[in-house]
1. Within region 56-78, does at least one residue satisfy the condition of being exposed (fewer than 13 other Cβ atoms within 10 Å of the Cβ), modelled with pLDDT under 95 and either in contact with a helix residue (DSSP H, G or I) (Cβ under 9 Å, 6 or more places away or on another chain) or in a helix (DSSP H, G or I) (or both)?
2. Confirm whether residue 144 is surrounded by 13 or more Cβ atoms within 10 Å (Cβ to Cβ), within 19 Å of the chain's Cα centre (by Cα), within 21 Å of residue 200 (Cβ to Cβ) and not aromatic (Phe, Trp, Tyr).
3. If I go through region 185-221 residue by residue, how many of them are surrounded by fewer than 16 Cβ atoms within 10 Å (Cβ to Cβ), at pLDDT 95 or above and either outside the structural domain of residue 242 (by TED's automatic domain parsing) or assigned to a helix (DSSP H, G or I) (or both)?
4. For region 2-23, state whether one or more residues are more than 19 Å from residue 195 (Cα to Cα), more than 19 Å from the chain's Cα centre (by Cα) and charged (D, E, K, R).
5. Where residues in region 19-35 are touching a Phe, Trp or Tyr at 6+ places or on another chain (Cβ under 8 Å) and within 20 Å of residue 162 (Cα to Cα), which of them is surrounded by the fewest Cβ atoms within 10 Å (Cβ to Cβ)?
6. How many residues are assigned to a loop (DSSP other than H, G, I, E, B), farther than 12 Å from residue 100 by Cα and of a type in the set (D, E, K, R) if we restrict to region 125-159?
7. Across region 79-110, which residue is farthest from ligand 1 (Cβ to nearest atom) among those that are surrounded by fewer than 16 Cβ atoms within 10 Å (Cβ to Cβ), in contact (Cβ under 8 Å) with a residue 40 or more places away in the chain and among the charged types (D, E, K, R)?
Amino acid sequence: MNSNAGFSLNQVTYRAGSRMILQETSLRLNPGEITAVIGPSGSGKSTLLKLLATVWNPSSGTVYFQGQDLKDSRADYRMKLGYAPQDDVIHRDLTVEDSFRFAAELRLPEWVTPEVAQQRMDAVIEGLGLGERRRHRISKLSGGQRKRVNVGVELLADPEALLMDEAASGLDPATEGDLMKILAEIAEQGKTVVLTTHSMEYLDQVQKIVLLAQGLLIFAGSLAELLVHFNIPHIAEVFKKIREREVGYWHTRYISSALATRQSPYSS
Ligand SMILES: Nc1ncnc2c1ncn2[C@@H]1O[C@H](COP(=O)(O)OP(=O)(O)O)[C@@H](O)[C@H]1O
Ligand SMILES: [Mg+2]
């Protein structure tokens with residue numbers, strides 16, 4: 001349908017019962033880039049990530065990855081996906097090393113030998129700066145270290161797409177900066193990285209910002225474009241700015257802008 005190698009959402013909605021959680025959304029999330037999904041609490045950020053992760057299916061519309069409709073390619077797609085949900089899924093009683101071993105058993109294809117699996121684990125553990133913590137229990141780690149374990153287990157299978165919900169939660173600014181560097185390296189390898197965050201600190205280091213409010217897409221574009229679109233001097237003012245008007249106003253303003261045309265699955 002299109003040659004875009006990352007994600008492409010075509011008029012995706014998500015309803016829970018009669019409640020509209022995510023209204024018709026069209027977006028492109030490119031490989032080689034970090035996309036940050038931001039928005040007030042309850043705006044639909046985690047929902048969007050769950051749709052990308054195939055945890056949930058859209059109520060209408062289509063999500064594509066590498067040009068394939070996810071509903072037709074789920075099993076294949078999940079092999080290419082790393083998804084770190086908002087809440088930790090790793091057991092706190094396990095050591096760092098055991099968490100990785102457990103994840104490797106679940107995720108690595110059967111043909112991967114134990115030696116290769118061990119090399120892969122070592123590479124990820126060292127790459128994330130967790131070497132000195134290998135034998136520590138997860139419960140003894142700082143928030144930042146735990147976040148790195150969460151991402152690390154997702155990196156074992158060298159995913160094409162990495163989704164991370166609430167990337168900054170529990171992290172101090174310095175640790176968040178370290179994590180952003182790791183994510184930038186992953187994106188530079190041509191992977192599609194999508195995170196949600198409450199933090200405005202490092203948005204100058206992402207290639208695309210997606211802004212949701214009350215389940216409506218109200219902006220997608222670069223940080224520079226965001227400042228122009230909302231006519232604000234600094235990203236920190238964006239939530240104050242959007243409260244000045246109805247969400248519907250911002251949605252219409254975005255949809256009728258050239259920014260929205262660029263996110264269309266059909267634009268080149
Ligand atoms: N399964 C569900 N059933 C009903 N409401 C839900 C369900 N999942 C999420 N919601 C609601 O959808 C809205 C968006 O949730 P969420 O995507 O978690 O927002 P965010 O991650 O931006 O805080 C919230 O109001 C939440 O309460
Ligand atoms: Mg959330």
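The values are calculated or read from the model by the stated rules, or taken from the named source; none is laboratory data. Only a predicted model underlies this, so the values are computations on that prediction, with no experimental measurement involved. As a convention, Cβ positions derive from the backbone with ideal geometry for all residues, glycine included, and neighbour counts pool all protein chains shown.
1. Yes, because at least one residue in region 56-78 is exposed (fewer than 13 other Cβ atoms within 10 Å of the Cβ), modelled with pLDDT under 95 and either in contact with a helix residue (DSSP H, G or I) (Cβ under 9 Å, 6 or more places away or on another chain) or in a helix (DSSP H, G or I) (or both).
2. On the way: surrounded by 13 or more Cβ atoms within 10 Å (Cβ to Cβ): yes; within 19 Å of the chain's Cα centre (by Cα): yes; within 21 Å of residue 200 (Cβ to Cβ): yes; not aromatic (Phe, Trp, Tyr): yes.
The answer is yes for residue 144.
3. Looking only at that region, the number is 3.
4. Yes.
5. Ranking the qualifying residues of region 19-35, first place goes to 28.
6. We begin by selecting, within region 125-159, every residue assigned to a loop (DSSP other than H, G, I, E, B); these are 128-130, 134-136, 141-142, 156-159.
Those still in the list that are farther than 12 Å from residue 100 by Cα too: 128-129, 136, 141-142, 158-159.
Filter once more, keeping what is of a type in the set (D, E, K, R): 158.
Counting residues in region 125-159 that are assigned to a loop (DSSP other than H, G, I, E, B), farther than 12 Å from residue 100 by Cα and of a type in the set (D, E, K, R) gives 1.
7. The residue in question is 93.
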